[in-house]
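The structure under discussion appears below in the form of structure tokens.
The values are calculated or read from the model by the stated rules, or taken from the named source; none is laboratory data. What you see is a predicted model, and the numbers here were worked out from it, not measured in a lab. Don't worry about glycine lacking a Cβ; one is built from the backbone with ideal geometry, like all the others, and counts go over all protein chains shown. Surface accessibility is based on the protein's heavy atoms, side chains included, excluding ligands, DNA and RNA. Shrake-Rupley method; radii C 1.70, N 1.55, O 1.52, S 1.80 Å.
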Amino acid sequence: MGGGKACGVFSRLKNTCTQMEKSINNSVANSFIGTYFKLQQRKTCFTKELRAATATFLTMAYIITVNATILTASGGTCSVADCSPPATPNCTLKPNAGYEACLAKTKNDLVVATSVTAMVSSVAMGFLANLPLGLAPGMGPNAYLAFNLVGYHGSGSISYQTSMAIVLVEGCAFLLASAFGLRGKLAKLIPKSVRLACAAGIGLFIAFVGLQVNQGVGLIGPDPANLVTMTACKSIDPETGACLGGKLQSPKFWLGAFGFLITSYGLMKNIKGSMIYGILFVTFVSWFRHTEVTYFPDTPLGDGNFSYFKQIVDFHKIESTAWVFSFGDFNKREVWEALATLFYVDVIAMTGIMYTMAEIGEFVDEEGSFEGEYMAYIVDAAGTIVGSALGVTTTATFVESSAGMREGGRTGLTAVIIGLFFFLSLFFTPLLSSVPPWAIGPSLVMVGVMMMKVVKDIDWTNIKEAVPAFAIMILMPLTYSIANGIVAGIGLYVALSLFDYAASIINWLGKMRRRMIKEHNQVSATATTGVDSNSIVEII
């Protein structure tokens with residue numbers, strides 16, 4: 001009897017919720033919002049768009065902490081002047097309380113910068129292009145800037161301020177290319193094998209970063225004999241970097257490995273937000289103090305970070321990374337190489353991802369274009385300019401947008417709601433800034449796994465295609481440089497293509513020679529025939 005009553009209550013509650021949902025959907029569909037976003041024309045409704053936005057945000061929210069962590073590795077605007085005394089020239093590369101405090105503030109700034117860039121770009125995509133695409137600072141360019149241009153804690157050849165100026169100029173160039181409709185044409189000039197290999201190579205590079213000590217789980221470390229080796233040491237000598245306490249003895253590594261398994265299992269079962277769940281588990285365990293895996297050790301820096309963490313809700317202002325452009329070093333060759341590399345990655349990666357998302361959403365027509373394409377490209381490029389002003393790298397359309405489209409997202413309302421979710425994240429900076437590297441590392445490895453799927457489309461039986469592709473993929477992680485891989489791959493492709501060009505020229509010259517000989521013979525035959533006829537006439 002009691003069970004029947006419970007079933008009746010549940011049934012009435014379900015009917016009530018269904019009626020409320022229909023009422024909300026009808027109200028929105030007949031409002032200005034429904035008309036503007038074309039909800040009825042695209043056969044969707046408000047609740048579908050809300051579910052789609054939630055799914056997309058959950059799958060791409062990891063970028064907030066991951067992007068901030070990677071860019072913080074460059075040191076940002078922190079320098080030797082921020083080190084605690086006595087400040088030696090290499091104090092930025094060794095444990096130093098003053099410098100680490102500066103890095104903590106920089107990470108807070110970059111968390112906010114990432115969220116604001118994602119919010120502005122996603123909302124603009126929704127309102128201007130009416131497409132259900134989520135945008136945020138992309139993976140790849142952030143690693144290139146942090147580890148190739150600026151270098152770990154500023155050890156590279158270009159300053160953080162100059163690198164932001166490079167991103168700004170590249171964004172402006174990309175905006176012009178978008179405005180004049182050149183993006184698609186430029187992308188088609190790049191050989192398919194090179195485009196695919198760049199995506200896979202960047203994935204390997206990002207995974208390599210996620211496996212290292214400084215920005216990941218700590219499985220890989222330096223070795224004087226073999227360059228790199230397996231570490232995961234319980235502790236590391238801060239002066240020499242030597243492994244202390246035995247390999248594979250680090251509790252933080254094993255905690256990160258378990259988080260990786262959580263993410264992997266979730267993706268296996270198509271559970272939405274799987275990338276987030278692994279990060280959340282490892283982070284939550286690391287927030288407990290007085291443990292071997294704590295993110296808040298009993299040090300002055302750990303105490304300061306824990307005090308900020310306990311605030312939970314806080315609206316943090318960007319203090320160190322906004323408007324820090326410096327154009328003083330634009331006379332250096334390295335600056336123009338970096339500019340060309342970022343522009344190239346934008347053309348082949350960002351354009352390709354956006355077009356792929358449009359295909360998944362079935363927006364592409366028979367002519368190969370899609371509604372809102374022009375404004376989508378404009379928004380994508382403008383997002384990079386906004387991001388550079390705040391201190392982050394190139395803005396990209398996220399492949400995680402496909403999660404929302406699978407939930408039924410078909411209009412820009414999905415993108416607008418995604419932007420609102422990023423806005424809400426701005427108020428939880430203390431929590432987002434307290435995510436440890438060993439929680440981020442597994443997600444970087446998983447990003448690498450997901451980016452490797454494109455290698456199946458490379459024609460490995462064709463040496464002309466295979467050699468440049470392999471060179472790109474292996475040199476990016478091994479030389480610790482995305483630019484080196486790109487240059488080597490394009491150079492090899494051009495070199496191997498020279499044979500085909502030379503063969504074509506030789507064949508053309510041979511055809512021209514045979515044609516000239518044939519014409520010469522025809523002229524000679526005609527002349528001979530003419531002489532014989534005259535002779536015959538004279539005889540007659």
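Working from label points 7 Å from Cα in the Cα-to-Cβ sense, the residue 514 to residue 13 distance is 8.5 nm. With the Cα gyration tensor of the range 315-359 giving a ≥ b ≥ c as the square roots of its eigenvalues, does the rule (a/c under 1.5 for rounded; else a/b larger than b/c for prolate; else oblate) give rounded, prolate or oblate? Since a/c reaches 1.5 but b/c is at least a/b, the shape of the range 315-359 is classed as oblate.
When Lys and Arg each count +1 and Asp and Glu each count -1, what net charge do the other residues less than 14 Å away from residue 345, Cβ to Cβ, add up to? So the surrounding residues net to -2. A Förster radius of 22 Å combined with the Cβ-Cβ distance from residue 495 to residue 456 puts the calculated FRET efficiency at roughly 0.30.
What number comes out for the charge environment of residue 103, summing +1 per Lys or Arg and -1 per Asp or Glu over other residues with Cβ under 14 Å away?
Overall, the nearby charge balance is -1.
Which percentage, to the nearest 5, of the DSSP beta bridges contained in the range 37-507 is antiparallel? Given both bridge residues lie in the range 37-507, the antiparallel proportion sits at roughly 85 percent. Taking the Cα centre of the chain as origin and assigning +1 to Lys and Arg Cβ atoms and -1 to Asp and Glu Cβ atoms, the resulting dipole is close to 1320 debye.
Over the chain, dividing the summed -39,500 (n - 2.57) contributions of all DSSP H runs of at least 4 residues by the number of residues returns a 222 nm mean residue ellipticity of -20500 deg cm²/dmol. Since only 98, 354, 331 are under comparison, the one whose Cα sits farthest along the positive direction of the charge dipole of the chain, derived from C-beta charges on Lys, Arg, Asp and Glu, is 354. For the range 393-478, what does the alpha-carbon gyration tensor say about shape, rounded, prolate or oblate, given a ≥ b ≥ c as the root eigenvalues, a/c under 1.5 as rounded, and a/b over b/c as prolate? The shape class here is oblate.
If we count every other residue with Cβ under 14 angstrom of residue 148's Cβ, Lys/Arg +1 and Asp/Glu -1, where does the sum land? If you can, show how the numbers build up before the last one.
Details: positive: none; negative: 334, 337.
Once positives and negatives cancel, what remains is -2.
Ordering of 47-54, 229-236, 78-85 by packing is 47-54, 229-236, 78-85, highest average first (other Cβ atoms within 10 Å, averaged per residue).
How would the chain be classified by its alpha-carbon gyration tensor: rounded, prolate or oblate, with rounded meaning a/c under 1.5 and the a/b versus b/c comparison settling the rest? Here the chain falls in the oblate category.
Sorting the segments 142-149, 301-308, 325-332 by their mean number of nearby beta carbons within 10 angstrom, highest to lowest, gives 142-149, 301-308, 325-332. Per residue, the range 37-507 exposes 43 Å² of solvent-accessible protein surface, assessed with a 1.4 angstrom probe and all protein chains in place.
Note on the range 80-106 and the range 279-316: Cα centroid distance 20 Å, given to the nearest whole angstrom.
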